[in-house]
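These notes concern the structure reproduced below.
The values are calculated or read from the model by the stated rules, or taken from the named source; none is laboratory data. In this text, all values refer to a predicted model and were calculated from it rather than measured experimentally. Glycine also receives a Cβ, built like all others from the backbone with ideal geometry; neighbour counts cover every protein chain displayed. Ligands, DNA and RNA are stripped out before the accessible areas are found, and what is left, the full protein with its side chains, is counted by its heavy atoms. Shrake-Rupley method; radii C 1.70, N 1.55, O 1.52, S 1.80 Å.
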Amino acid sequence: MGVLELFNLRGKTAIVTGGGRGLGLYMAEALAEAGASLTICSRRREQLEEARGRLESAGKGGVLALGCDVTDPEQVEEVVEKTVEGFGSVDIVVNNSGATWGAPPLEMPLEKFDHVLRVNVRGTFLMSRSAARRMIERGSGGVIVNVSSVAGLVGGDPRYMQTVGYNASKGAIISMTRDLATSWAPHGIRVNAVAPGWFPTRMSRGLIERHERQMLADIPMKRFGGPEDIKGAVLFLASPASSYMTGQTLVVDGGLTAW
């Protein structure tokens, strides 16, 4: 096998949660360009159709766009079932759906803290479990890529990132990744995580606009991440190129956590 073939996803089917915009859309584009058929899902249905057209132009496989609240087990099961019905299998899952809420810890509304953990942690677990069941039944393994964050590795800088629920949830995802990896390795299922640093998205744009100078001072490479920076990392984790990796977290942060 030539080295570029290690990144080939022809004949594979991927589910990308939160795939209608931002990092999720970039990740979905990477998988589509590598040949995978795709299901993208999100609570925000209005963004999915536009994203589907973009992905169909970028790739060679089919694209399903489905509404889904990842905290609802029935909706998660429906997405996985429709993916299997439409494409014959589910081989790759990218758990990207996420939520955040900003407030100092002493002022954090409990309902917002709970909501963030439900979406980020419960949602990641539900989609992983549902897809893994199909992978195990089929007997040909699979790949799960969980989206954590550098916030799961270090505390949020209180000067501009007071998001204790988000930070806690992303740390939980790293631990969950290790647990699922060791549990499902005998079935040929690899589970890894990617931990992005600062990428301009709808979720982060407001913070970046207000604190750009300080944020860049904290990043050794002195720039924010772009689409290609996350595309390559996720394709690596989703493809045979990382076939001897499981339970690991790949940090993509411009050196932020290297200080």
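Once you put a point 7 Å from the Cα of residue 241 and another 7 Å from the Cα of residue 5, both along the Cβ direction, what distance in nm separates them?
About 1.6 nm, to one decimal.
How would you classify the range 104-259 from its alpha-carbon gyration tensor, with a ≥ b ≥ c the square roots of the eigenvalues: rounded for a/c under 1.5, else prolate if a/b is greater than b/c, otherwise oblate?
oblate
Could you list the trypsin sites (Lys or Arg not before Pro) in the range 33-79 that lie in coil according to DSSP, counting only those with at most 13 other Cβ atoms within 10 Å of their Cβ?
44, 60
In a shell of Cβ-Cβ distance under 15 Å around residue 232, excluding residue 232 itself, what net charge do Lys and Arg (+1) and Asp and Glu (-1) give?
-4
Exactly which trypsin sites (Lys or Arg not before Pro) in the range 178-221 are in a DSSP loop and have at most 13 other Cβ atoms within 10 Å?
202
Which value, in Å² and to the nearest 10, is the accessible area of residue 115 when all protein chains are kept and the probe is 1.4 Å?
Roll a 1.4 Å probe over it and residue 115 shows about 80 Å².
Can you list the DSSP H helices in the chain whose Cα atoms extend at least 15 Å along the helix axis and whose mean Kyte-Doolittle hydropathy is 0.0 or higher?
Passing helices, by number: 22-33, 164-184, 227-238.
From the cross-link list 60/231; 12/82; 170/222; 60/170; 12/112, which pairs have alpha carbons spaced over 27 Å apart?
Going by Cα-Cα distance, 60/170; 12/112 fall outside the 27 Å limit.
Which sequence of 161, 203 reflects their accessible areas, 1.4 Å probe, from the largest down?
The residues order as 203, 161, largest area first.
Quick check: Cα centre of the range 1-63 to Cα centre of the range 109-146, how many Å?
First find each Cα centre; the distance between them is then 18 Å.
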